[in-house]
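Every number in this text was worked out from the coordinates using simple rules, so none of it is lab data. None of the values given here were measured: they were computed from a predicted structure. Counting neighbours? That spans all protein chains shown, and the Cβs are built from the backbone with ideal geometry, glycine included.
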Number of protein chains: 2
Amino acid sequence: MERHFEQEFQDLQQRLLWMGSLSERAVHKAVHAVLEADEALAEAVLEEEPAINELQIEMDDRITRLLALQQPMAADLRLLIGASRINSDIERIGDQAVNIAQSATRILRHPQVKPYVDLPRMSGLAENMVRDSLNALVKRDVDLANSVMRQDDEVDRLRDQMFRELLTYMMENSAVVFPAFELVLVAKNLERIGDHATNIAEDVIYIVVGRDVRHPALDRR
Amino acid sequence: MERHFEQEFQDLQQRLLWMGSLSERAVHKAVHAVLEADEALAEAVLEEEPAINELQIEMDDRITRLLALQQPMAADLRLLIGASRINSDIERIGDQAVNIAQSATRILRHPQVKPYVDLPRMSGLAENMVRDSLNALVKRDVDLANSVMRQDDEVDRLRDQMFRELLTYMMENSAVVFPAFELVLVAKNLERIGDHATNIAEDVIYIVVGRDVRHPALDRR
């Protein structure tokens, strides 16, 4: 890798990590707005998210500039293509945090449906996946990226468990249908955050080993 | 644009259109599996979707090769970056069709919750957005791309209407909670298809005028 390109890419990577930590923090705050019935936390997420969007545009501009000026080949080209996809996934994690924050403000208008047991577990896991996927990028760590993909199964399992439990509450007591429905949406958002972290992990593998692992069922390799 | 690149890109665009039409058809079939209580349609979607994944990988390989070999600048570079993003959105539309098909098989185990009025409208609109966004790509038509983005508001409005109605059914009759919940998930999937078509429309504008319109609220231009 050329020295200048290496430096530019390190810089780019630092910004991606910063953006990732903003998104992860937004998810954490949004879920804690629900858990602690804290509307101010939800509002903080809505205020802070535009900074993530701003970073996304900046990153894409930089990536496009690097593509045009450096004309990278092979591994460097994969780095930039991967970084561009990761950029988009991080921004969408921020979008999901906003959705959760908006649900939080509606949930807080109702009495608590049930003790929150699966929600903090699911959220902790999804946040961890985001963190691990970005650590895997920094360390070019394929094993860590693979572990992110495995964690996604557990996120999906927790989502199914939350769905089942919430549906049971809805059937037993029609008064909780509204807030229980909002919790369903929150679980959907956390599921998508896990999906985005999985996308990032797939891109890390693409960057490191140059292999596309997005559709294992195709079995073409 | 160089002649060889022009030819390669025309070819790439044709494949994207083909892939788009497969995704759109998958959405249509999946929703009609619900509307017509036709499980065979749902199964067809599950069988046909891997072809879309296969195309996505093929397209990404071609785009990466063109980036490496042609070393395109400015407008050509935008074309390839835009095509790569569109490729990913089309594939995800296929994923949403699969989700709808899976919901369909579960919905069919229950009596129909309500007459389907909003569902075919919402689906027709989402399919139309997918078609228009790809037509906008072929014609480099910014006005058509803008109209896709406007249609997304109507999709979101229909989703809210479906949510309200389904929640009312759930509150009135706990026996319909399960199938009504699946219809909620279908509405969520259609909403996301609208979002993907909107992404494609934004990429068309990026390709044609070189302007990033993803976060209008940032107001930086």
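Once each part is reduced to its C-alpha centroid, what is the distance from segment B:1-59 to segment A:10-55 in angstrom? Spelled out, the Cα-based centre of one part sits 35 Å from the other. Applying a threshold of 25 Å to the alpha-carbon distances of A:114/B:114; B:29/B:114; A:188/B:139; B:29/B:139; A:139/B:188; A:29/A:139 flags A:114/B:114; A:188/B:139; B:29/B:139; A:139/B:188; A:29/A:139 as lying beyond it.
Each other copy places its own label point for residue B:7 at 4.2 nm from this one, sorted shortest first, where the point lies 7 Å along the Cα-to-beta carbon line.
Between 0 and 90 degrees, the angle of helix A:74-107 with respect to the longest Cα principal axis of chain A falls at about 20 degrees.
A Förster radius of 41 Å combined with the Cβ-Cβ distance from residue A:17 to residue B:173 puts the calculated FRET efficiency at roughly 0.25. Taking the Cα centre of segment A:100-152 as origin and assigning +1 to Lys and Arg Cβ atoms and -1 to Asp and Glu Cβ atoms, the resulting dipole is close to 260 debye.
Ordered shortest first, which distances in nm separate the 7 Å Cα→C-beta label point of residue B:71 from those of the other copies? Those label-point separations list as 0.2 nm. Ellipticity at 222 nm from helices only: DSSP H runs of n ≥ 4 in chain A, each -39500 (n - 2.57), divided by the residue count, give -30500 deg cm²/dmol.
Considering only B:40, B:142, B:63, the residue lying farthest towards the positive end of the dipole of chain B is B:142, judged by Cα position with unit charges set on Cβ.
According to the Cα-based calculation, Rg over Rh for segment B:3-218 is 1.04, with Rh computed by the Kirkwood formula. Chain A versus the axis that turns it onto chain B: the residue with the nearest Cβ and the distance in whole Å amount to A:71, 2.
With axes computed from alpha carbons, what is the tilt in degrees of helix B:39-70 against the longest principal axis of chain B, rounded to the nearest 10 within 0 to 90? The angle comes out at about 20 degrees.
Relative to the Cα centre, the charge distribution of chain A, modelled as +1 at Lys and Arg Cβ and -1 at Asp and Glu Cβ, gives a dipole magnitude of about 440 debye.
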